[in-house]
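Okay, so here's the structure we're looking at.
The values are calculated or read from the model by the stated rules, or taken from the named source; none is laboratory data. Fair warning: this is a prediction, and the values are worked out from it, not measured in the lab. Glycine gets a Cβ as well: all are built from the backbone with ideal geometry, and neighbour counts include every protein chain shown.
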Amino acid sequence: MKFLSSQQNLSGKTVLLRADLDAPREGNKILDDSRIKASVPTIKYLIDQGAKIVIVSKNGRPKGWQEEYTLKPIAEYIAKLLSKNFVSAKEYSDQYFNEVVFFEGDITKEGAVGEVKKLSQKNIVILENIRFYKQEEEASPVFAKQLSSLGEIFVNDAFAMMHRNEASVSLIPKYLPSFAGLNVEKELNALNKLLTLKADPFIVIIGGAKISDKVGAIKNLGKSAEHVLVGGGPANLFFLAQGFEIGESLCEKQELDVAKDLMRNYKQKLVLPVDVVVAKAKDHTQARVCKPDQVLKDEAILDIGPQTTLFFSKIVKASKKMVWNGPMGLFEEKQFSHGTMSLALIFAARCKGYAYGVVGGGDTLDALNKAKVLDQIDFVSTAGGATLDFLAGENLPGLKALE
């Protein structure tokens, strides 16, 4: 794999950059800019190298052209981060110079590619949400070739998309000389360090809503981990596998056989909650703490309990290497945030000296950001599914395409 950091001859070349500018919003207000900011070093590197830049990204999961998912507010935000003027346009104008131009047109329409090429000669061009085109998720070779015509070199800096087989991720390298961006290089270095660093005890913390996207990581990391601490939806599934009543708790019941298999093969390593915080599924005002086998049919498990928090914290405090994906409960509601917030503080305190710690996944980042400890973590992955797949030892289409 070739890395952008090793390239010094980009002056005058047009670079098609696949960035990860995905950001949750309320209207035009950006709620989390972590992925956007992670893309800036690569953009600045290309600017310093004298390259011309056309940026491709997605935002959200639109079904066709939905205005609420437009990249326009994000493009405007990037202009501010780069201290450049912002312009939104459908066609070329010689009035635009050294600006961030958001191309709001449809690049599949006749003449659109030509307009983008002219705009990119003197400006940074950001295309509209690439997921607006059905050809993107269909991994259309025709669409990928059309995108590749916008540049002379391709740089993929969207690590969070590397597990997707989509036109702008895995097919463009067939048509252009391709390189991994600075953010991707940073992600790979940090995750490879996690996999190869000889430091024990090594622990894995798994939570969030699903277990289906974490099974591979549990199996692969479970080979070397001393403990796999489990909370959230995955813990609920393990309780169900033991025959416990879990009421209306969040749970992937279709993955019951998977949970039973994991319990058979990793019984000595899986650490489940010894107590939980529950409330009526439709009324969270009255919460109570109980044992995992004491949940009522009309209740939902919404957090790990205080004894579990102490138990998990003790294990974290003794660790030398840690990875965390998924909160322990419904941390967005204060009365169910204590388990996640407490672990976040202990996890962060171990990082940067006592242990090497990595966190990944959007909800996990939101939780640690809420706990105000994100900057204390050794490495914060901007990806969720891609990080888990990489840690599971799977081949990621986007990375494979860059080889």
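Which count do you get for residues in region 200-215 that are part of a loop (DSSP other than H, G, I, E, B) and of a type in the set (A, V, I, L, M, F, W, C)?
The qualifying residues number 2.
Where residues in region 68-86 are free of Cβ contacts under 8 Å to residues at least 24 places away in the same chain and in contact with a helix residue (DSSP H, G or I) (Cβ under 9 Å, 6 or more places away or on another chain), which of them is nearest to residue 115 (Cα to Cα)?
86
Could you tell me which numbered condition residue 150 fails, if it satisfies all but one of (1) assigned to a helix (DSSP H, G or I); (2) within 21 Å of residue 125 (Cα to Cα)?
Result: residue 150 fails condition (1) only.
Within region 31-67, count every residue that is more than 18 Å from the chain's Cα centre (by Cα) and free of Cβ contacts under 8 Å to residues at least 24 places away in the same chain.
Here the count works out to 3.
Taking the options 237, 256, 296, name whichever one is surrounded by fewer than 21 Cβ atoms within 10 Å (Cβ to Cβ), at negative phi and free of Cβ contacts under 8 Å to residues at least 40 places away in the same chain.
The unique qualifying residue is 256.
Scan 183, 189 and give me the residue that is assigned to a helix (DSSP H, G or I) and surrounded by 22 or more Cβ atoms within 10 Å (Cβ to Cβ).
Checking each option against the conditions leaves just 183.
Looking at 203, 172, 153, can you tell me which residue is in contact (Cβ under 8 Å) with a residue 40 or more places away in the chain, among the β-branched types (Val, Ile, Thr) and not assigned by TED's automatic domain parsing to the domain that holds residue 35?
Result: 203 is the single residue among 203, 172, 153 that is in contact (Cβ under 8 Å) with a residue 40 or more places away in the chain, among the β-branched types (Val, Ile, Thr) and not assigned by TED's automatic domain parsing to the domain that holds residue 35.
Give me a count of the residues in region 221-278 that are closer than 24 Å to residue 330 by Cβ, within 27 Å of the chain's Cα centre (by Cα) and assigned to a helix (DSSP H, G or I).
Total meeting the criteria: 14.
In region 366-387, how many residues are under 19 Å from residue 309 (Cα atoms) and aliphatic (A, V, I, L, M)?
4
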